[in-house]
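The values are calculated or read from the model by the stated rules, or taken from the named source; none is laboratory data. Treat the numbers as computed from the prediction; the structure is a model and nothing was measured. Positions of Cβ are backbone-derived with ideal geometry, glycine not excepted, and every protein chain shown enters the neighbour counts.
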Amino acid sequence: MREELVSIVVPVYNVAEYLPRCLESLLRQTHRQLEIILVNDGSQDESGSICEAYGQRDPRIHVFHKENGGLADARNYGLRQITGAYVTFVDSDDYVADTYVEYLYRMLKREKAQVAVCGYRETTREDGEASGSEAGVVTNGKEAVRNLFYQKGLTTSACAKLYLSSLFQGICFPKGLLYEDVNTIYKVLLQAERVAISRRVEYFYFLRPQSIVRSGFQQRKMDYIANMQEVLEDIRKRCPELLPAAHSRFLWACLHILVQLPEQGWEAERARVLDYIRAGRGAALRDPKVRLSNKLLLLAAGRQGTLVRWV
């Protein structure tokens with residue numbers, strides 16, 4: 001099979017400790033036709049210098065420096081630079097198996113799909129190898145979004161997926177918001193005729209405690225709920241048949257935030273989140289497609305107003 005050019009967009013911000021590991025994993029890719037777009041998003045550490053050093057080392061690496069605008073802005077900037085027919089996103093503190101691009105590319109071509117999805121593993125290890133069965137499923141874009149909302153084999157993350165680049169025409173990540181993937185990736189999937197999905201682990205999310213999403217609670221984390229409210233409105237207009245699934249995902253966002261809210265100092269936010277849960281849990285509890293674990297959490301939250309933190 002003749003290799004086609006695949007673009008890899010890597011946003012970079014203050015990750016000097018982790019960046020070399022990420023870039024080394026990209027340079028080891030068995031799919032050689034790559035352009036690696038490094039977007040240095042105003043880093044204040046040595047990340048920019050590391051990008052430049054790797055750019056001089058391999059002509060497939062293209063380095064861009066910009067003022068800090070956040071992860072979404074860096075991804076949007078990277079998308080404007082790509083020339084490959086296909087694009088994938090790798091976060092600069094993560095890393096991938098040597099076969100990551102090749103595996104997704106071959107699956108996409110074999111299934112005549114526009115999006116290919118692989119499995120991922122959260123890890124604190126410094127390296128990892130691909131693992132798991134290569135068996136997968138193929139579905140259409142609308143069913144893929146339904147599964148994403150119901151949390152069945154798909155996540156909202158932009159990573160661990162290979163996309164036909166043209167799917168992003170007219171779609172961008174919302175600048176300045178956390179959980180920016182939530183109201184972006186489903187739009188891309190809806191434009192795909194075929195989506196190939198495998199659970200084979202080819203992507204490794206590195207768990208670093210200082211990342212924003214994994215740090216202590218802050219007001220910005222309420223973006224998760226606001227993003228899902230926008231998704232609900234969009235789905236109501238565009239694909240009302242997906243509303244039950246989107247509603248389930250909205251309630252999961254509420255649970256996700258509720259479990260992070262400190263016991264003191266966030267009473268207004270806690271009351272608002274609980275109102276959403278109590279108002280919407282009835283429909284979710286009657287929905288046979290909602291995960292049992294989610295139903296149990298909804299019941300616990302609705303009755304007690306709090307949840308035991310889970311991993």
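Annotations for the structure displayed:
- For region 25-50, the tally of residues that are outside any loop (DSSP other than H, G, I, E, B) and more than 23 Å from the chain's Cα centre (by Cα) stands at 3.
- One residue stands out among those in region 103-149 that are within 22 Å of residue 290 (Cα to Cα) and among the basic types (Lys, Arg): the one that is surrounded by the most Cβ atoms within 10 Å (Cβ to Cβ), which is 146.
- All positions within region 220-275 that are of a type in the set (Gly, Ala, Ser) and either surrounded by fewer than 18 Cβ atoms within 10 Å (Cβ to Cβ) or under 21 Å from residue 71 (Cβ atoms) (or both): 226, 253, 265, 268, 271
- Within region 156-187, the set of residues being at pLDDT 95 or above, surrounded by fewer than 23 Cβ atoms within 10 Å (Cβ to Cβ) and on the phi > 0 side of the Ramachandran plot comprises 170 only.
- On inspection, residue 208 fails the criterion of being out of contact with any Cys (no Cβ under 6 Å at 6 or more places or on another chain) and more than 30 Å from residue 219 (Cβ to Cβ).
- Within region 255-287, tally of residues that are within 30 Å of residue 141 (Cα to Cα), in contact (Cβ under 8 Å) with a residue 40 or more places away in the chain and of a type outside the set (A, V, I, L, M): 2
- Test: residue in region 138-145 that is within 21 Å of residue 204 (Cβ to Cβ) and not aromatic (Phe, Trp, Tyr): no
- Condition check for residue 96: at pLDDT 95 or above, closer than 22 Å to residue 15 by Cα and not hydroxyl-bearing (Ser, Thr, Tyr): yes
- Single residue of 63, 117 found to be of a type in the set (A, V, I, L, M), touching a residue at least 60 places away in the same chain (Cβ under 8 Å) and not in a helix (DSSP H, G or I): 117
- Any hit, region 144-152, residues being among the basic types (Lys, Arg), over 13 Å from the mean Cα position of the chain (by Cα) and under 24 Å from residue 19 (Cβ atoms): no
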